[in-house]
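Remarks on the structure that follows.
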Amino acid sequence: MKRKSMEEYFFKILMVVSILIVLGGILSVIFTVVLKGVSALSLSMLIESPHGGYYLGGGGGILNAILGSLYLACGAIILSITLSLPVAMSLHQSTMKSRYVEYIRTSLDIACGIPTIIYGAVVFTIMVFIGARSSLFWGMITVAIFILPIMIRSIDEIMLQTPKKIKIAAFALGSTRTEMLSVVVKQSFPGIVTAILLAFGRGIGDAASILFTAGYSDSLPTSLFEPVATLPLAILFQISSPYPVVQQRAYASGLILLVIVLTASIASRVLSKKFMKYVVK
Amino acid sequence: MERGSLDRWSIRFMSIIAFLTSLIAIIIAIVLMWKSFPLLQISTIQEIVLGSIWQPLAGGFGFFPFIMGTIWVTLLAMGIAIPLGLFSAIFLAEYSPGHIRESIKPLIDLLAGIPSVLFGLWGILVIVPWVRDTIAPMWGVSTTGYCVLTGGIVLSIMVLPLIISLSDELFRTVPLDIKKASLALGATKWQTVKYVLFRKTYPGLLAAIILGFSRAFGETMAVLMVVGNVAKVPTSVFDPAYPLTALIANNYGEMLSIPLFDSAIMMAALILFIIVVIFNILSKLLLIRIQKAV
């Protein structure tokens with residue numbers, strides 16, 4: 001065999017081996033969480049809050065963490081949608097490639113890359129400074145702040161895909177800049193839905209940012225200013241318990257979190273496909 | 001209100017919010033510097049970065065073990081993820097038939113969305129026992145399994161989706177004509193990849209790798225769960241480590257009780273912040289260079 005075809009053969013094998021290792025890793029992560037979780041899951045996990053002595057192996061479930069996580073992520077998402085849409089629109093309408101718009105984009109890109117633990121630490125510092133205690137409210141704020149740059153940049157990129165003709169047509173019909181932007185939003189709606197649901201998955205799965213801003217509590221929050229339990233933290237606390245019964249519950253909590261995140265990710269695919277029919281091609 | 005002035009006011013309102021969001025990164029930098037400043041008054045940057053005595057109660061704040069912990073875990077993770085990710089991306093972009101690519105890509109995107117706690121859980125359940133019972137005995141070492149190697153493996157799986165999807169997209173931007181020209185001259189597919197694809201995309205690949213690095217630096221939960229958290233400079237991959245992110249996560253709840261401790265934790269966050277921002281700006285500069293070239 002010629003040297004170059006031997007080389008070809010060698011690297012082809014290397015590539016197949018790499019992709020197999022990667023796929024094996026992915027499947028191993030998913031199957032481990034699912035299999036361990038299914039065997040540990042019970043109905044009471046889903047519909048009860050922790051009873052006394054839960055972390056010593058007592059009865060109860062993690063309803064508080066499931067609902068807490070959903071409250072937190074939904075609140076944060078609503079907050080960041082209301083802020084990110086205007087920002088993305090503003091970036092979009094400044095059609096001139098000014099240095100100012102580039103500055104905003106760059107600083108948002110930098111914010112996207114900052115680890116969530118730093119967001120958590122900074123918000124916690126501010127909370128200490130003004131004397132606030134960890135609560136659902138501050139958890140929401142922290143999560144909203146760290147998904148905001150991600151959401152703005154993805155909506156911004158999606159809006160850039162809008163055909164120029166549509167914008168020109170909108171202006172030609174006499175619309176103002178704001179009315180033109182509403183056309184752009186409608187046109188990029190499927191992408192915006194995807195961005196929102198992906199950000200939801202990011203928000204609900206993050207533990208580092210809410211470790212001290214949201215606190216933890218064994219009961220359901222009755223107001224915005226009470227500490228709230230969340231799934232990622234429930235997993236973290238349960239897995240570090242010395243009791244095998246409690247560790248089992250971490251596996252079940254992991255499965256619940258995985259199901260929520262996967263549902264969001266699948267929903268984003270289905271919904272964006274569904275909304276595609278309203279898009280002018 | 002009249003349409004014209006409604007338009008003007010809403011545009012103005014939107015650009016004010018846009019300006020405010022651009023301040024997020026700056027405010028974070030200011031808070032971190034403000035809080036970590038007191039520590040700089042009692043010791044020099046050199047003592048903080050290169051000192052290895054970590055005794056908060058006695059006022060010893062040397063970050064060297066933590067910085068080394070972060071570097072060991074990150075380098076190991078990237079050492080695993082870069083070759084695996086690049087080879088997988090080449091396979092997906094150039095070698096695999098369309099339907100295989102179409103079925104693998106969603107799986108990789110899915111992996112990108114899985115919360116880091118679940119990777120930590122997977123690490124504890126699968127990688128820790130594997131390292132403890134299989135890998136370490138092979139080298140004749142005994143370890144608890146909570147070590148740099150475990151952290152590196154878990155982290156590498158987490159940055160793989162980023163590297164694979166970025167470089168896969170890069171490879172696909174290379175015009176078909178150039179590839180065909182290379183193949184027509186008698187080059188094999190691998191030679192085309194080596195001499196045409198790599199040469200055409202290397203700034204982008206570098207940007208992807210740098211982004212992977214900055215992601216790996218900042219990853220907290222999964223690493224914290226499997227890396228052992230012992231404040232000592234690791235001497236082998238089977239030693240436990242204590243990365244900066246884990247230091248912040250484990251301590252910022254109690255940082256108010258010890259003098260200057262909060263300042264030290266914020267210093268850790270500041271070091272992390274500076275590293276990550278530099279890496280992000282580097283990759284952005286590289287990407288701008290590509291856009292200009294295209």
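The values are calculated or read from the model by the stated rules, or taken from the named source; none is laboratory data. Remember, it's a predicted structure, so these values are computed and weren't measured experimentally. No Cβ is skipped: glycine too gets one built from the backbone with ideal geometry, and neighbour counts run over all protein chains shown. Surface areas here come from the heavy atoms of the whole protein model, side chains and all, with no ligands, DNA or RNA. Shrake-Rupley method; radii C 1.70, N 1.55, O 1.52, S 1.80 Å.
Just give me the residues in the stretch A:21-34 being touching a helix residue (DSSP H, G or I) at 6+ places or on another chain (Cβ under 9 Å) and either hydrophobic (A, V, I, L, M, F, W, C) or more than 9 Å from every other protein chain (Cβ to nearest Cβ) (or both), in sequence order. Across the stretch A:21-34, the qualifying residues are A:I21, A:V22, A:L23, A:I26, A:L27, A:V29, A:I30, A:V33, A:V34. Considering the stretch A:155-173, and only residues there that are open to solvent by less than 40 Å² (accessible area, probe 1.4 Å) and within 14 Å of chain B (Cβ to nearest Cβ), the residue that is nearest to B:P115 (Cα to Cα) turns out to be A:I155. Scoring B:Q55 on the criteria (1) modelled with pLDDT of 85 or more; (2) in the same structural domain as B:M158 (by TED's automatic domain parsing); (3) not small (G, A, S) leaves a single failure, condition (1). As a summary of the residue check, A:S135 satisfies the conditions (1) in contact with a Pro (Cβ under 8 Å, 6 or more places away or on another chain); (2) open to solvent by 50 Å² or more (accessible area, probe 1.4 Å); (3) not β-branched (V, I, T) except for the one numbered (2).
Name the single residue, out of those in the stretch A:237-251 being out of contact with any Lys or Arg (no Cβ under 8 Å at 6 or more places or on another chain) and surrounded by 23 or more Cβ atoms within 10 Å (Cβ to Cβ), that is farthest from A:V123 (Cα to Cα). Filtering first and then ranking leaves A:R249. Determine, yes or no, whether B:G228 is more than 10 Å from every other protein chain (Cβ to nearest Cβ), open to solvent by less than 10 Å² (accessible area, probe 1.4 Å) and under 23 Å from B:P129 (Cα atoms). No; evaluated as a whole, the condition is false for this residue. A count restricted to the stretch B:106-126 and to residues that are among the hydrophobic types (A, V, I, L, M, F, W, C) and over 22 Å from A:S209 (Cβ atoms) stands at 5.
Every residue, every condition in (1) free of Cβ contacts under 8 Å to residues at least 40 places away in the same chain; (2) in contact with a Cys (Cβ under 9 Å, 6 or more places away or on another chain); (3) within 14 Å of chain B (Cβ to nearest Cβ), yes or no:
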| site | (1), (2), (3) |
| --- | --- |
| A:F225 | no, no, no |
| A:T230 | no, no, yes |
| A:S240 | yes, no, yes |
| A:Q247 | yes, no, yes |
| A:S253 | no, no, yes |
| A:V261 | no, no, yes |
| A:S265 | no, no, yes |
| A:F275 | no, no, no |
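The residues of the stretch A:75-89 that are under 14 Å from the mean Cα position of the chain (by Cα), open to solvent by 10 Å² or more (accessible area, probe 1.4 Å) and either within 10 Å of another protein chain (Cβ to nearest Cβ) or in contact (Cβ under 8 Å) with a residue 60 or more places away in the chain (or both), listed by number, are A:G75, A:I77, A:L79, A:I81. Taking A:E226 as the residue in question, decide whether it is under 26 Å from A:Y55 (Cβ atoms), open to solvent by 10 Å² or more (accessible area, probe 1.4 Å), of a type in the set (D, E, K, R) and touching a helix residue (DSSP H, G or I) at 6+ places or on another chain (Cβ under 7 Å). Yes. Within the stretch A:95-111, the residues that satisfy the criterion of being more than 8 Å from chain B (Cβ to nearest Cβ) and either surrounded by fewer than 18 Cβ atoms within 10 Å (Cβ to Cβ) or under 14 Å from A:S154 (Cα atoms) (or both) are A:T95, A:M96, A:K97, A:S98, A:R99, A:Y100, A:E102, A:R105.
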